[in-house]
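The values are calculated or read from the model by the stated rules, or taken from the named source; none is laboratory data. Just so we're clear, the structure is a prediction, and the values are computed from it rather than from any experiment. All Cβ positions, even for glycine, are placed from backbone atoms using ideal geometry, and neighbour counts span all protein chains on display. The accessibility values were calculated without ligands, DNA or RNA, using every heavy atom of the protein model including side chains. Shrake-Rupley method; radii C 1.70, N 1.55, O 1.52, S 1.80 Å.
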Amino acid sequence: MGELADSFETLADSDMWTDVGILFGGFMAPTVARNLIEPNMPWDLPDEVYGVGVVLGAGYLPQGTNMARMGGGLYVADKLAERADIKQRVTSVGDGGGN
């Protein structure tokens, strides 16, 4: 029963939710950067470049550097998984196979 109480304690931990928010911001920031930068450039950069930019730029944050870096890194991993068709294969697991 103590394990269940520990789980609920984790859900109520505001520090954990702060980390989640920073990580999510780091994951979303490359999309925002791409949408602001790409229309003003003569060429199209790979999406992963924007995630790497967040990983590098997160070092200038006053706090939450590691979580923001992980968010940018997660964005890079997500885009690489899309590029390698891994994400589509994983999301189609259990869909009935060929519908």
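Name every residue in segment 78-96 that is under 17 Å from residue 30 (Cβ atoms), hydrophobic (A, V, I, L, M, F, W, C) and without any contact (Cβ under 8 Å) to a residue 24 or more places away in the chain, in order of residue number. Quick ask: steps written out before the conclusion?
Residues of segment 78-96 that are under 17 Å from residue 30 (Cβ atoms), as a first pass: 78-83, 87.
Filter again for hydrophobic (A, V, I, L, M, F, W, C), leaving 80-81.
Answer for segment 78-96, where residues must be under 17 Å from residue 30 (Cβ atoms), hydrophobic (A, V, I, L, M, F, W, C) and without any contact (Cβ under 8 Å) to a residue 24 or more places away in the chain: just 81.
Looking across segment 14-44, the residues that are open to solvent by 60 Å² or more (accessible area, probe 1.4 Å), in contact (Cβ under 8 Å) with a residue 40 or more places away in the chain and under 25 Å from residue 84 (Cβ atoms) come down to 24, 28. Could you list, in sequence order, all residues of segment 57-97 that are charged (D, E, K, R), out of contact with any helix residue (DSSP H, G or I) (no Cβ under 6 Å at 6 or more places or on another chain) and either part of a helix (DSSP H, G or I) or at pLDDT 90 or above (or both)? Across segment 57-97, the qualifying residues are 78, 82, 83, 85, 89. Condition (residue is assigned to a helix (DSSP H, G or I), under 17 Å from residue 74 (Cα atoms) and out of contact with any strand residue (DSSP E or B) (no Cβ under 7 Å at 6 or more places or on another chain)) applied to segment 39-47: is it met by at least one residue? The answer is yes; a qualifying residue exists.
With respect to being touching a residue at least 24 places away in the same chain (Cβ under 8 Å) and either touching a Lys or Arg at 6+ places or on another chain (Cβ under 6 Å) or open to solvent by 70 Å² or more (accessible area, probe 1.4 Å) (or both), residue 47 fits the description. Can you confirm whether segment 64-72 contains a residue that is of a type in the set (Lys, Arg), open to solvent by 80 Å² or more (accessible area, probe 1.4 Å) and either under 12 Å from the mean Cα position of the chain (by Cα) or under 22 Å from residue 21 (Cα atoms) (or both)? Within segment 64-72, one or more residues are of a type in the set (Lys, Arg), open to solvent by 80 Å² or more (accessible area, probe 1.4 Å) and either under 12 Å from the mean Cα position of the chain (by Cα) or under 22 Å from residue 21 (Cα atoms) (or both).
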